[in-house]
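What follows is a short report on a single structure.
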Amino acid sequence: MKNNLVLFIVVLCSNWTSANVTLPSFFSDHMVLQRNAQVKLWGWGNPKEEITITTSWDAKTYKVTTTNLAQWSTNVSTPKEGGPYVISFKGYNEVVLKNILIGEVWLCSGQSNMEMTANWGILNGDEEVAKATHPNIRFFTVAKASSGSPQLNLTGSWLDCTPETMKNSSAVAYFFAKQLRESLSNVPIGVIVSAWGGTAAEVWIPEAVIAKDDILKTAASNLKPNEYCPHLSGSTFNAMIQPLVGYTIAGTIWYQGESNVGATAYDKTFAALIESWRQLWNTNFPFYFVQIAPYNDGYNHFGSVQIRDFQRRTLQLPNTGMVVTSDISTTDDIHPKDKKSVGIRLANLALTKYYKTNNTLVDGPLYKNYSLQNDKIILSFDYANGLYFKNKTTAQFEIAAADNVFYTADAIIKNSTIVVSSKKVKKPIKVRFAWKNDAQSDLFNEAHLPASSFITE
């Protein structure tokens, strides 16, 4: 009888505890909410519990009733940038969130080059850490986790940007946020960092998306176990992205690809990732990504340059942008140390393409198409103003006929095009540029940004 009474009390207390209004970890003190938006808030409580939400920026109240599944959600209106503000959630208990800023929120994801912190030894790291006091920049770093099924919550907390927090946070995300804040007149910036070194793109895609496509399924099945990270499709998505779905963001930045070297359908895989995330958020948010750097891996294949070309081809998706890194990296390090330039270039893409506050050229020359002229091929480029070769001439263009044997081509710049030819190829049909794993592009435009490697097939 006594044991039954104890069990009854434990169950009663457990039920009472679960009746409290609770929130996902990312709705917390110090968070940043997207400005000028209808922002979704959600959480849990007792079934049929009425919850009153009050936002201090307008003293407005919102009422919502918890479902029979103990879940609730509602949208609140956010003003222009500002803060700090308070939000209270009152049901059977009350939760008060303090020091909330309203500004711009970006999701930052990928593998180790996104995860990489100043503590890893970035360029000028000590100097950058020392001056990293920016109360209007906030980090939310998602703890590494994986799951075979979609999760409702994750582990992490919002932190103000200080030298101590900056040195342990994504360096690319920090420099991206810093450039945005400075260029947007001190608008608060929140960066949600969900990254895991070594991961392939497939683990960041909903498993259901991969399961219904034979090409994606084959690519996922070819992934090998990794002692440092998950390799099963959807596993990090389930634990590190799915819980965030619905958190209002301005867009996403992405740095990944090294772990897919050797993949033959990375363009389709990467496109599926972008499109699936946009579908889940129900918005065509901007998605800006970093092309992997040239790297001498010691193998005689074209795996890395093919991934770079797949990334270039992904730009066919709307509202995307790509940072080329061949001029700010060394070929002996798969983790280039200059993360500041990467973050600034990503921010400049956002400032130009999304915020429309920047009119300068922020893209390197991008191959568009070609035409045949007797024994010559004429290559056209986007962002081709002021084309030049770094060393005045180049040996990075190769040309081939139907036999697919490539020869180094003579290349000359003519207006905004490049004319290539070779005495060894009388009937050319194909061109490739900087087509080696460790090739650092020597073609630039007037913004001194490098061209991406490419092949015309």
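Structural remarks
- All of Thr357, Thr408 fail the test of being of a type in the set (Val, Ile, Thr) and closer than 30 Å to Leu184 by Cβ, apart from Thr357.
- Apart from one condition, Leu387 fits all of (1) under 28 Å from Glu258 (Cβ atoms); (2) touching a Pro at 6+ places or on another chain (Cβ under 7 Å); the exception is (1).
- Once region 76-102 is narrowed to residues that are of a type in the set (Val, Ile, Thr) and surrounded by 14 or more Cβ atoms within 10 Å (Cβ to Cβ), the residue that is nearest to Arg181 (Cα to Cα) is Ile102.
- Across region 204-233, the qualifying residues are those that are closer than 13 Å to Ser276 by Cα and touching a Phe, Trp or Tyr at 6+ places or on another chain (Cβ under 8 Å), and the one among them that is surrounded by the fewest Cβ atoms within 10 Å (Cβ to Cβ) is Glu207.
- Qualifying residue in region 90-113 (condition: over 30 Å from Cys229 (Cβ atoms), small (Gly, Ala, Ser) and out of contact with any Pro (no Cβ under 9 Å at 6 or more places or on another chain)): yes
- Which numbered condition Phe139 misses (of (1) of a type outside the set (Val, Ile, Thr); (2) assigned to a strand (DSSP E or B); (3) surrounded by fewer than 16 Cβ atoms within 10 Å (Cβ to Cβ)): (3)
- Among the residues of region 145-166, those that are assigned to a strand (DSSP E or B) and closer than 26 Å to Gly121 by Cβ comprise Leu159, Asp160, Cys161.
- Selection status of Ala451, at pLDDT 95 or above and touching a Gly at 6+ places or on another chain (Cβ under 7 Å): yes
- Within region 331-340, if we keep just the residues that are out of contact with any Asp or Glu (no Cβ under 9 Å at 6 or more places or on another chain) and either farther than 29 Å from Glu275 by Cβ or modelled with pLDDT under 95 (or both), the residue that is surrounded by the fewest Cβ atoms within 10 Å (Cβ to Cβ) turns out to be Asp333.
- Count of region 107-129 residues which are in a helix (DSSP H, G or I), in contact with a Lys or Arg (Cβ under 8 Å, 6 or more places away or on another chain) and not polar (S, T, N, Q): 4
- Residue within region 159-170 that is more than 15 Å from the chain's Cα centre (by Cα), outside the structural domain of Gly82 (by TED's automatic domain parsing), more than 16 Å from Ala132 (Cβ to Cβ) and in contact (Cβ under 8 Å) with a residue 12 or more places away in the chain present: no
- If the condition is being in contact (Cβ under 8 Å) with a residue 60 or more places away in the chain and either surrounded by fewer than 17 Cβ atoms within 10 Å (Cβ to Cβ) or not in a loop (DSSP other than H, G, I, E, B) (or both), then region 320-330 contributes only Met322.
- Condition met for Ser452 (within 22 Å of Val342 (Cα to Cα) and of a type in the set (Gly, Ala, Ser)): yes
- Matching entry among Ala401, Ala439 (being over 29 Å from Gly321 (Cβ atoms), of a type outside the set (Ser, Thr, Tyr) and at pLDDT 95 or above): Ala401
- Checked against the criteria, Leu232 counts as in contact (Cβ under 8 Å) with a residue 24 or more places away in the chain and hydrophobic (A, V, I, L, M, F, W, C).
- Taken over region 331-364, residues that are in contact (Cβ under 8 Å) with a residue 24 or more places away in the chain, assigned to a loop (DSSP other than H, G, I, E, B) and not aromatic (Phe, Trp, Tyr) amount to 15.
- Among residues of region 176-210, those that are among the hydrophobic types (A, V, I, L, M, F, W, C) and closer than 10 Å to Gly234 by Cα, counted: 7
- Scanning region 374-418 for residues that are basic (Lys, Arg), touching a strand residue (DSSP E or B) at 6+ places or on another chain (Cβ under 9 Å) and not in a strand (DSSP E or B) returns a single hit, Lys390.
- Checklist (1) under 25 Å from Thr155 (Cβ atoms); (2) buried (at least 18 other Cβ atoms within 10 Å of the Cβ); (3) over 14 Å from the mean Cα position of the chain (by Cα) applied to Gln256, failing item: (3)
- Among residues of region 295-310, those that are surrounded by 16 or more Cβ atoms within 10 Å (Cβ to Cβ) and either within 23 Å of Tyr355 (Cα to Cα) or in contact with a helix residue (DSSP H, G or I) (Cβ under 7 Å, 6 or more places away or on another chain) (or both), counted: 3
- Here Ala173 fulfils each of the conditions (1) surrounded by fewer than 24 Cβ atoms within 10 Å (Cβ to Cβ); (2) in contact (Cβ under 8 Å) with a residue 24 or more places away in the chain; (3) not aromatic (Phe, Trp, Tyr) apart from (1).
- The residues on offer are Asn374, Asn358, Asn348, and the sole one that is polar (S, T, N, Q) and over 28 Å from the mean Cα position of the chain (by Cα) is Asn374.
- Residues of region 85-123 that are closer than 23 Å to Glu164 by Cα and free of Cβ contacts under 8 Å to residues at least 12 places away in the same chain: none at all.
- From the options Ser73, Ser147, residue that is surrounded by 15 or more Cβ atoms within 10 Å (Cβ to Cβ) and hydroxyl-bearing (Ser, Thr, Tyr): Ser147
The values are calculated or read from the model by the stated rules, or taken from the named source; none is laboratory data. No experiment lies behind these values; they were computed from the predicted model shown. Ideal geometry is used to build each Cβ from the backbone, glycine not excepted, and the neighbour counts take in all protein chains shown.
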